[in-house]
1. For the protein assembly as shown, what is the mean residue ellipticity at 222 nm derived from helices alone (per DSSP H run of n ≥ 4: -39500 (n - 2.57); sum divided by total residues; nearest 500 deg cm²/dmol)?
2. Output ³J(HN,Hα) for the range A:79-91: one whole-Hz value per residue in order, computed from phi by the Karplus curve 6.51 cos²θ - 1.76 cosθ + 1.60 with θ = phi - 60°, and x for Gly and Pro.
3. On a 0 to 90° scale, report how tilted helix B:61-72 is relative to the longest principal axis of chain B, with both axes built from alpha carbons and the result rounded to the nearest 10.
4. Using amide H atoms built 1.01 Å from N in the peptide plane, name the residues 5+ places from B:ASP97, or on other chains, whose amide H lies under 5 Å from its own.
5. Amide H to amide H, which residues 5 or more places from A:HIS26 or on other chains are under 5 Å from it, using H placed in the peptide plane?
6. Accessible area of the protein assembly as shown with a 1.4 Å probe: how many percent of it is carbon plus sulfur?
7. Apply 1/(1 + (r/R0)^6) to the Cβ-Cβ distance of A:LEU91 and B:LEU137, taking R0 = 51 Å, and write down the FRET efficiency to the nearest 0.05.
8. Average the reciprocal distances over every distinct pair of alpha-carbons in the protein assembly as shown, invert the result, and give the Kirkwood radius in Å.
Amino acid sequence: MSDNQERSALTEAVYYILLALHNPMHGYGIMQFIREISKERLNLGAGTLYGALNTLMEKGWIRAVENEWDSRKKEYEITERGKQVVQNELLRLQELLDNGSRIVREDKK
Amino acid sequence: MKHTIHKVMVNYEKEEKWLNEMGAIGMNFIHYTWCTYLFEEGKPGEYIYRIELLKNNARHPESVAYIRFMEELGIECVSTCLSWVYFKKKAADGPFDLFSDYDSKIAHYSRVSKFSAVGFVIVAFWGVYNVILPFVLPGNVISSLNLILGIMDLILAAALAPTYFSYRGKMKKLKADRQLRE
């Protein structure tokens, strides 16, 4: 994957999954986290979550963690690479927000 | 108490809607095999039902892993048929959708439209073949049976065609929206 694509926008689902996995979590936890943090605006589809988790693992942005107590439930956590992706996304979102509010503010004057 | 309903459904979205309507009046869907739906009386509106066409047969290891993941989310696999899987989740546990972004919705419509296209070709071919056969081999019991079978296949094909176009239309709309929104 090229650097260019690496810097393009994340989907809302991927962005929130990466945020959720700053603490190790299993699938159910991720869905609950996203519902709560988005104030119930975003309800992640179960199939969408499954596809996103597999793609993120393939890319090495998240990894599965061994669960000592319950090996049936798979837990995931973000990797250093994933954290870097989130940092880049925050910069991109900040730029969008700054430019948007500046231009809209000027327009109102 | 259990109830059996025989019904031919060619559009999975209508089928899903019907199962949820049945659930709303306390008829909980519990099993499907070839046009036969089994229901059990229960609490009205206890479950939300969703139907998905998987990439592989439901017994394929990838499908098994997927169904297991769903169970971790509190989603039960009610029944499977070929690559189709029927899920249910307790309505009290909040909303239940399988796909929430454009890409996964489009991928699913693409799968179901291919499935209905293949189904259409098979039943249409089989229908025409069976309707023509009685005229080639006239005057026996087998030929009139062929005629009935053929007509049934053609009716099925006639139902599958609009289903295919309905999926394609929704897929096209989602693709157009994806140009503008995430």
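The values are calculated or read from the model by the stated rules, or taken from the named source; none is laboratory data. On a predicted model such as this, the values are computed, not experimentally measured, just so you know. Counting neighbours? That spans all protein chains shown, and the Cβs are built from the backbone with ideal geometry, glycine included. For the accessible areas, the whole protein counts, side chains as well, though only heavy atoms, and no ligand, DNA or RNA atoms are used. Shrake-Rupley method; radii C 1.70, N 1.55, O 1.52, S 1.80 Å.
1. The helix contribution divided over the protein assembly as shown gives -19500 deg cm²/dmol.
2. Karplus-based 3J(HN,Hα) across the range A:79-91 equals 9, 4, 4, x, 5, 5, 4, 5, 4, 4, 5, 4, 4 Hz.
3. Computed tilt is about 40 degrees.
4. Those qualifying (amide H under 5 Å, at least 5 residues apart or on another chain) are A:ALA46.
5. When sequence neighbours closer than 5 places are left aside, the close amide H contacts are A:TYR76.
6. Ligands and nucleic acids excluded, carbon and sulfur give 58 percent.
7. For R0 = 51 Å, the calculated efficiency reads 0.10.
8. Answer for the protein assembly as shown: a Kirkwood hydrodynamic radius of 22.2 Å.
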